[in-house]
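All remarks here apply to the structure that follows.
The values are calculated or read from the model by the stated rules, or taken from the named source; none is laboratory data. Given the structure is predicted, the values throughout are model-derived calculations rather than measurements. Backbone-built Cβ (ideal geometry, glycine too); neighbour counts: all protein chains shown.
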Amino acid sequence: MGKKQKNDQPVEFKSIKDMPDTPTSVGSMLVNKTSTWRSIRPVIIDEKCKRCMICWKYCPEPAIHPTDPPSVDYNYCKGCGICYEECPFDAIIIEQEGK
Amino acid sequence: MVEIRFHGRGGQGAVKGSDILAVAAFHEGKEVQAFPFFGVERRGAPVTAFTRISNEEIRIHCYIYDPDVLVILDPTLICAVPLSDGLKENGKIIINSMKEPSEFSFPDAKNPHVYTADCSSIAMKFGLGTQESPIINTTILGAVAKATGLVKIESVVKAIRERIPTRTEPNAQAAIEAFEQLHV
Amino acid sequence: MKKVLTGNFAAAYGATAAKVNVISAYPITPQTTIVEILSEIVADGELNAEFVKVESEHSALACCIGAQATGARTFTATSSQGLALMHELIHWAARARLPIIMVNVNRAMAPGWSIWADATDSISQRDTGWIQMYCENNQEVFDTVLMSYKISESESVMLPALINLDAFFLSHTSQVVDLYNEARIDQFLSKYDPKIKLDVDDPHAFGALTSPEHYYEFSYKMHEAQINAIRVIKEVGQEFGKIFGRTYDLTESYRCDDAELILVSYGTIAGTAKEAVDQMRNSGIVVGVLKIRYFRPFPTEDVIKALHPAKKVGVIDRAVSYGQSGPFFNEIRSTLYHESTPLYGFIAGLGGRDVSTHDIENMVDIMQNDPAQDLIWIGVKNVD
Ligand code: SF4
Ligand code: SF4
């Protein structure tokens, strides 16, 4: 699926000239990590996962990468729980954040 | 710059006629402009269209108030609207009519030169439109070419061939016949 | 190659000559023939483009936004109510910095239903960030569509452009238009190749949530791009002149150098005003016309320079900013804030009312004899 972005490095612009013209993932969203919105955390259980990729399709962020098995990008997962609801094989469990 | 105003009724093709006259003049190297009086189109409603022909760039973009030439596709309009309003002195009026020019009077105009051509009959002969509403726009352009000398009949025919995709030749022949019939 | 074309055909041929990749538009009087001719050109295979049929103007612009984001060159056209329906996405296209080119046939807003010329529709889109310009004749329509791709796609601009032509006075008026030759057009306008685009091999998210930390700076950059456009419009106008023999700028002065009275206008009224100026000069009135081509970016410096010598300035608007005055008049007044020139704001031609040379002589007569006034309604009937 193409190039990996260096998601964990916040972007700071020394000059406005380095900033993109419009919000793109090279700009604001690298800084604007939505992980802090999360109170629950989905965890994919490898042994139960059938790789059907339904979680990847349903994640509205999209914070699930189509890896093998699919992986949650916790920089952007906002903890909505949709993946947990949609997984037909109960392969996703929910943990409380901050525990 | 010569300014020509067309008066007809919806369905007679006055707007297309003004455009074809402009194209004919363009083929003689002139700058041109043609446009309709932008009403909501209805069959039978009075329609006005305009053509400007000039040796220089045409910058003016308003209606024509003081035409050099009036082209009247439907003589019944003469009573309905003050057509000759603003016609320049010694201006020319070309009317689609079987009558003689002397049978028309234009009290608003100063010394107008009136020409008539029976365009409806010519158009019918070439199967343009129906008995009730012949389409005479191309036909009358033959008469306009003859009466005004603004464009050559060859240019009118060329413009008709360019702008009329169906029944092209009957339209061209009708224009030629009107050109030949009109006496100046 | 020269042809006798209506303004709408000139617009459609302009998009064709620019070799657009995607066209999406919804028909509305008096823009309809633009859509018709383009769909024919695409269907006949004369232009290798995608023609996307949609159910509304909102969808038409949405389609162009999506296509342009992938790096396609796009074109759309609309008028009046259709432009208003696009409004949400008009902002979006500009803030997403997508150089979409849109032709708008200036038509009055309803009610009362009107299909006739009035610039209120486009003026209402003033603060969206689009480049906005007005055409005087059909050659300018064709030329401007071509130039606009080059201007808007310039790396220092990257803003969409709205090209306006008066309903019927241009859209349905036939004039001689030089369509040039294809090789020279290709030499002038190269392929669109944006720095960032939707690309599966190099994924980016677009238009995401932007916090107060960054939104402000994006707005700053939009304004900067508009200001850059002033330079780019001039450069492209010069280059166009070298290749095709017609040079363009943000404004056009007609007999202004020695003019005591200057009329400022836009669109077809500027052309009629030039004709009226020639007639008035013959009778000894020293008057000139400043035609404003670009409303955004507004050519502040050029306007100051051009109007400086005038003893009096009149502005003719085919639009009203209700509760204030004519929209172009407002711009001119703020531009001339540091000058003491008496200003006359004329409203004329609303809803397609004809503006004749006689009306323009009437305005000059008012400028000669009456005190300056911000709002003068030319030809309004039955006002006590
Ligand atoms: S919890 Fe919501 S945001 Fe997080 S991975 Fe699942 S679907 Fe996506
Ligand atoms: S929906 Fe469940 S089973 Fe399917 S890929 Fe996602 S985690 Fe695995």
* Taking the options C:183, C:208, name whichever one is more than 14 Å from chain B (Cβ to nearest Cβ), over 20 Å from residue C:14 (Cα atoms) and either in contact (Cβ under 8 Å) with a residue 40 or more places away in the chain or surrounded by fewer than 22 Cβ atoms within 10 Å (Cβ to Cβ) (or both). => C:208
* Asked: Which one of A:45, A:64, A:94 is over 13 Å from the mean Cα position of the chain (by Cα), at pLDDT 95 or above, of a type in the set (A, V, I, L, M) and within 12 Å of ligand 1 (Cβ to nearest atom)?
  -> A:94
* Inspect the range A:49-60 for any residue being under 30 Å from residue C:160 (Cα atoms), modelled with pLDDT under 90 and assigned to a loop (DSSP other than H, G, I, E, B) and give the result as yes or no. => no
* Please identify the pairs in which a residue from the range C:1-30 that is within 17 Å of residue C:244 (Cα to Cα) has its Cβ atom under 6 Å from the Cβ atom of a residue that is polar (S, T, N, Q), counting only partners at least 6 apart or on another chain. => C:10/C:138
* Please state which one of C:355, C:364 is part of a loop (DSSP other than H, G, I, E, B) and in the same structural domain as residue C:264 (by TED's automatic domain parsing). => C:355
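Within 14 Å of another protein chain (Cβ to nearest Cβ), buried (at least 16 other Cβ atoms within 10 Å of the Cβ) and in a helix (DSSP H, G or I): does that describe residue C:230?
For residue C:230, the condition - within 14 Å of another protein chain (Cβ to nearest Cβ), buried (at least 16 other Cβ atoms within 10 Å of the Cβ) and in a helix (DSSP H, G or I) - is not met.
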* To do: Scan A:70, A:66, A:88 and give me the residue that is over 18 Å from residue C:208 (Cβ atoms), near ligand 2 (Cβ under 10 Å from one of its atoms) and within 14 Å of chain C (Cβ to nearest Cβ).
  => A:66
* Structure fact -> Among residues of the range B:69-96 being in contact with a helix residue (DSSP H, G or I) (Cβ under 8 Å, 6 or more places away or on another chain) and modelled with pLDDT of 90 or more, the residue nearest to residue C:359 (Cα to Cα) is B:69
* residue C:145 vs. criteria away from chain B (no Cβ under 14 Å), surrounded by 22 or more Cβ atoms within 10 Å (Cβ to Cβ), aliphatic (A, V, I, L, M) and within 30 Å of residue B:49 (Cα to Cα) -> yes
* Structure fact -> Of the residues in the range B:33-64, those that are buried (at least 24 other Cβ atoms within 10 Å of the Cβ) and closer than 17 Å to residue C:137 by Cβ come to B:33, B:34, B:35, B:51, B:52, B:53, B:61
* **strands (runs of 3 or more DSSP E) wholly inside the range B:1-64 that include at least 3 residues being at the interface with chain C (Cβ under 10 Å from one of its Cβ atoms) and over 23 Å from residue B:80 (Cβ atoms)** => B:31-36
* Asked: Does residue B:122 fit the bill of being in contact with a strand residue (DSSP E or B) (Cβ under 6 Å, 6 or more places away or on another chain), within 13 Å of residue B:178 (Cβ to Cβ) and among the hydrophobic types (A, V, I, L, M, F, W, C)?
  -> no
